[in-house]
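The values are calculated or read from the model by the stated rules, or taken from the named source; none is laboratory data. Model, not experiment: these values are computed from the prediction. Methodologically, a virtual Cβ is constructed for each residue, glycine included, from the backbone with ideal geometry; neighbour enumeration extends over all protein chains shown. All accessible areas refer to the heavy atoms of the entire protein, side chains included, with ligands and DNA or RNA removed. Shrake-Rupley method; radii C 1.70, N 1.55, O 1.52, S 1.80 Å.
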Amino acid sequence: MARLELNHLSKRYGDNAVVAGVTLDVADGEFLVLLGPSGCGKTTTLRMIAGFVEPSGGSAYIGGVDVTYLRPWRRNTGMVFQSYALFPHMTVAENVAFGLEMRKLSKTEVVARSREALRLVRLEGYADRLPRQLSGGQQQRVALARVLAIRPDVLLLDEPLSNLDAKLREEVRIEIRELQRQLGLTTIMVTHDQEEALIVADRLVVMSEGKIRQIGTQRDLYERPADRFVAGFVGRSTVLQGRVIAPGQFETAGGLALQCRDGAPGKAALVLRPERIALGVANGMDNRLSGTVEFVSYLGDAIELHVRLSPADRVVVQLANRGETTVPAVGDAVDIGWQRDAGLIFAE
Amino acid sequence: MVSAVAQARPAEIASGPHRRVRIGRWALNGAAALALGFILLPLALVTWLAFFRQEIPSFPPEGYSLQWFGAVFNNKSFVGGFLLSVQVAIAATLIGLALAVPASLAVTRRRFRGRGLVNALLLMPLIVPGVVLGTAIYVFQIEAEIATGLPLLGTTAGLIAAHALIVIPWAARLVSASLAGFDPSIEEAAKNLGAPPWTTFRRVTIPAIWPGIVAGALFGFVMSFGNLEMSLFLVGAGRTTLPIAILQYLEWKIDPTVAAVSVLQIALIGVAMVATDRYVKISQVV
């Protein structure tokens with residue numbers, strides 16, 4: 001358990017900068033998620049923290065100690081791999097004991113700490129099984145127990161849930177989060193699944209093309225995204241292309257005049273969250289428009305309408321499903337509206 | 001509609017695709033049995049012959065006897081040949097493995113210039129005919145002896161060195177195959193848990209590819225033990241391997257002693273395979 005600091009950490013292969021200067025400060029006991037599309041450099045960053053990839057520049061500190069060029073087996077990080085990477089020829093107990101044996105602990109302590117780690121992941125009864133005799137979810141928990149046993153300074157999770165089916169994933173991510181909190185482990189998780197990221201993180205880091213686009217809480221990223229990439233990556237959104245013609249005035253490509261937050265005049269994009277657009281009673285809304293329903297998705301807890309406002313403008317409207325008997329159908333004319341602050345403006 | 005489909009089914013089973021599947025399965029099993037018979041028939045005949053009583057093999061046998069097995073053990077060149085063959089095969093297998101395991105690791109894990117060439121070279125002894133290989137090594141050993149003054153040709157060491165060459169392709173192939181199915185992040189996990197590279201290799205990599213190593217050793221041993229063409233060029237005067245002893249014996253006699261010695265050889269290799277398979281599932285690799 002320790003604080004982790006990265007200063008301008010970077011990795012280049014030839015001219016290709018995979019990680020282009022990442023600076024992060026992760027507090028002791030914090031759960032930080034690196035989020036981004038594949039190839040954004042999040043996994044390389046994680047592997048540099050573990051020591052599997054040697055940085056081309058910058059530095060990394062764990063608990064105040066410079067670990068930038070320290071070999072993986074000399075740093076006390078605990079990594080859970082996407083493929084679990086259990087030792088196939090060892091039993092569950094031997095897998096969990098491995099890191100403790102490497103630390104030259106006494107036999108009684110190895111046994112006690114392995115048992116404790118298996119208890120934490122609720123696999124006490126499986127000590128003598130081989131990994132191939134376990135389900136995917138159980139293997140994943142053995143991999144977790146194996147790193148918990150060594151009491152790592154930093155817990156590193158590399159897409160740990162992506163090989164599990166959807167239902168199991170929901171259970172395991174909450175389990176991991178509860179364990180992490182209970183043990184006060186400084187944790188970095190890499191994922192491309194934004195829902196997963198939003199559920200477990202204290203803070204999130206959105207990355208793309210080797211750079212950090214934004215660091216913040218779930219609320220920061222959703223309500224105040226730093227740029228259009230973050231707005232598009234975190235949560236659902238509709239983008240209307242157009243330009244800011246005067247302070248607070250936006251004109252879409254299809255010629256609609258809308259009220260918006262202040263932004264610099266010129267070409268811009270207006271980003272709207274589907275659930276911030278209201279249907280029907282549009283009283284008191286700053287923007288009131290009518291359009292035609294082109295597509296309806298019934299999602300169970302919500303219903304999404306794709307509404308055509310002009311030949312060039314279409315927005316997605318999300319309605320909470322409260323059991324109304326009439327849901328607009330394709331081809332229906334509807335009135336919609338939103339407050340001026342609901343839209344985000346990004347200069348293009 | 002559901003019931004209509006259900007009713008249509010039984011008729012289809014009797015005449016339709018199901019029947020074709022059954023015929024296909026029969027044909028496949030038949031072909032497999034034929035191939036297996038083709039492989040086993042000579043072995044069965046040799047085994048039968050070893051128990052004939054008469055000296056000149058002819059059908060039908062005049063009676064049965066175990067005398068030829070006794071003759072094998074009384075024949076000095078068979079016993080001496082067997083001992084030399086075992087000695088050479090064990091040494092060659094160990095040397096071959098010591099070279100093939102690191103080479104396989106390099107070829108499957110690393111990306112380097114000339115990787116394809118190294119891979120091809122590792123398999124080369126399998127492709128070059130034994131007689132060519134024997135001639136080449138014969139000439140090489142003569143030249144090496146002249147150049148260095150060290151005795152090579154006709155020595156056990158020279159024979160072992162040559163036999164290591166025929167072990168390498170088998171060991172390299174089978175070890176590479178088991179490495180290909182081995183997730184490299186397992187080694188990273190070991191390092192992450194505090195194991196330096198050598199400990200990782202010893203405690204994680206070797207055990208994980210152990211079936212490949214054992215299978216490679218077994219095949220290498222069998223190939224070395226049964227090698228005739230190459231060894232013909234390299235044995236010294238009065239010191240022969242078992243296959244050469246058999247050949248020499250056949251030049252003068254064709255009594256069932258040769259069949260008996262073959263049966264002993266087949267039994268030895270068979271026992272080695274079954275015994276190994278009990279501890280390591282070779283079938284997973286080969």
- Message: Filter segment A:319-348 down to the residues that are of a type in the set (D, E, K, R) and either in contact with a Lys or Arg (Cβ under 6 Å, 6 or more places away or on another chain) or in contact (Cβ under 8 Å) with a residue 12 or more places away in the chain (or both) and list them by number.
- Response: A:ASP332, A:ASP335, A:ARG340, A:ASP341, A:GLU348
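Could you check segment A:328-347 and list, in sequence order, the residues that are surrounded by fewer than 14 Cβ atoms within 10 Å (Cβ to Cβ) and more than 29 Å from A:GLY263 (Cα to Cα)? Outline the logic, then answer.
Pass one, segment A:328-347, residues surrounded by fewer than 14 Cβ atoms within 10 Å (Cβ to Cβ): A:329-331, A:333, A:341.
Matches in segment A:328-347: A:ALA329, A:VAL330, A:GLY331, A:ALA333.
Out of B:ALA195, B:ALA189, report the one residue that is in a helix (DSSP H, G or I), within 13 Å of chain A (Cβ to nearest Cβ) and either of a type in the set (Gly, Ala, Ser) or on the phi > 0 side of the Ramachandran plot (or both). Step through it out loud before you land on a result.
Numbers: B:ALA195 fails: in a helix (DSSP H, G or I).
Only one candidate qualifies: B:ALA189.
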- Do you know which residues across segment B:244-257 are part of a helix (DSSP H, G or I) and open to solvent by less than 20 Å² (accessible area, probe 1.4 Å)? B:ILE244, B:ALA245, B:THR257
- Item | Residue within segment B:78-93 that is in the same structural domain as B:GLY226 (by TED's automatic domain parsing), modelled with pLDDT under 90 and among the hydroxyl-bearing types (Ser, Thr, Tyr) present | yes
- Output the residues belonging to segment B:140-182 that are surrounded by 19 or more Cβ atoms within 10 Å (Cβ to Cβ) and under 30 Å from A:PHE52 (Cβ atoms). B:ALA171, B:ALA172, B:ARG173, B:LEU174, B:VAL175, B:SER176, B:ALA177, B:SER178, B:LEU179
- Cβ-Cβ under 6 Å pairs, at least 6 apart or on other chains, segment B:245-270 side outside the structural domain of B:LEU45 (by TED's automatic domain parsing), far side open to solvent by less than 20 Å² (accessible area, probe 1.4 Å) and not in a helix (DSSP H, G or I): B:PRO256/B:PHE52
- State all residues of segment A:107-133 that are open to solvent by 60 Å² or more (accessible area, probe 1.4 Å) and among the polar types (S, T, N, Q); if no residue qualifies, say none. A:THR108, A:GLN133
- Item | Any hit, segment B:225-246, residues being within 14 Å of another protein chain (Cβ to nearest Cβ) and more than 19 Å from A:PHE52 (Cβ to Cβ) | no
- Query: Out of segment A:1-50, which residues are farther than 16 Å from A:THR187 by Cα and in a loop (DSSP other than H, G, I, E, B)?
  - Reply: A:GLY14, A:ASP15, A:GLY36, A:PRO37, A:SER38, A:GLY39, A:CYS40, A:GLY41
- Message: Please determine whether any residue of segment A:308-322 is acidic (Asp, Glu) and buried (at least 18 other Cβ atoms within 10 Å of the Cβ).
- Response: yes
- Message: Just to be sure I understand the filter: pairs with C-beta atoms under 7 Å, separated by 6 or more residues or on different chains, first member in segment B:202-214 and within 10 Å of another protein chain (Cβ to nearest Cβ), second member modelled with pLDDT of 85 or more and open to solvent by 40 Å² or more (accessible area, probe 1.4 Å). Which pairs pass?
- Response: B:PRO207/A:HIS89; B:ALA208/A:PRO88; B:ALA208/A:HIS89
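Please list, ordered by residue number, the helices (runs of 4 or more DSSP H) wholly in segment A:183-241 having 1 or more residues that are more than 21 Å from A:ALA166 (Cβ to Cβ). Break it down stepwise before answering.
Details: elements: A:194-200, A:218-223, A:228-233.
In segment A:183-241, the matching helices (runs of 4 or more DSSP H) lie at A:218-223, A:228-233.
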- Note on the structure: With criteria (1) within 14 Å of another protein chain (Cβ to nearest Cβ); (2) farther than 22 Å from B:ALA272 by Cβ, B:GLY116 comes up short on (1)
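Across segment A:191-239, what is the total count of residues that are small (Gly, Ala, Ser), over 12 Å from the mean Cα position of the chain (by Cα) and either over 30 Å from A:ALA312 (Cα atoms) or crowded, with 18+ Cβ neighbours inside 10 Å (or both)?
Of all residues in segment A:191-239, those small (Gly, Ala, Ser) come to A:197, A:201, A:208, A:210, A:216, A:226, A:231-232, A:235, A:237.
Next, only the ones that are over 12 Å from the mean Cα position of the chain (by Cα) stay: A:208, A:210, A:226, A:231-232, A:237.
So of that shortlist, the ones also either over 30 Å from A:ALA312 (Cα atoms) or crowded, with 18+ Cβ neighbours inside 10 Å (or both) come out as A:208, A:210, A:231, A:237.
Looking only at that region, the number is 4.
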- Exception for A:ILE49 within (1) within 13 Å of another protein chain (Cβ to nearest Cβ); (2) open to solvent by less than 20 Å² (accessible area, probe 1.4 Å); (3) in contact with a helix residue (DSSP H, G or I) (Cβ under 9 Å, 6 or more places away or on another chain) falls at (3)
- Message: Given the condition open to solvent by less than 30 Å² (accessible area, probe 1.4 Å) and either within 30 Å of A:LEU35 (Cα to Cα) or under 24 Å from the mean Cα position of the chain (by Cα) (or both), answer yes or no: does some residue in segment A:280-298 qualify?
- Response: yes
- Any residue in segment B:183-191 that is modelled with pLDDT of 90 or more, within 23 Å of B:ALA89 (Cα to Cα), open to solvent by 20 Å² or more (accessible area, probe 1.4 Å) and touching a Phe, Trp or Tyr at 6+ places or on another chain (Cβ under 7 Å)? no
- Can you find even one residue in segment B:84-95 that is surrounded by 16 or more Cβ atoms within 10 Å (Cβ to Cβ), over 28 Å from B:VAL204 (Cβ atoms) and in contact with a Lys or Arg (Cβ under 9 Å, 6 or more places away or on another chain)? yes
- Query: For A:ILE245, are the conditions met, namely being under 28 Å from A:MET48 (Cα atoms), among the aliphatic types (A, V, I, L, M) and open to solvent by 50 Å² or more (accessible area, probe 1.4 Å)?
  - Reply: no
- Restricting attention to segment A:16-38, does a residue exist that is under 23 Å from the mean Cα position of the chain (by Cα), within 21 Å of A:ARG3 (Cβ to Cβ), buried (at least 20 other Cβ atoms within 10 Å of the Cβ) and within 14 Å of chain B (Cβ to nearest Cβ)? no
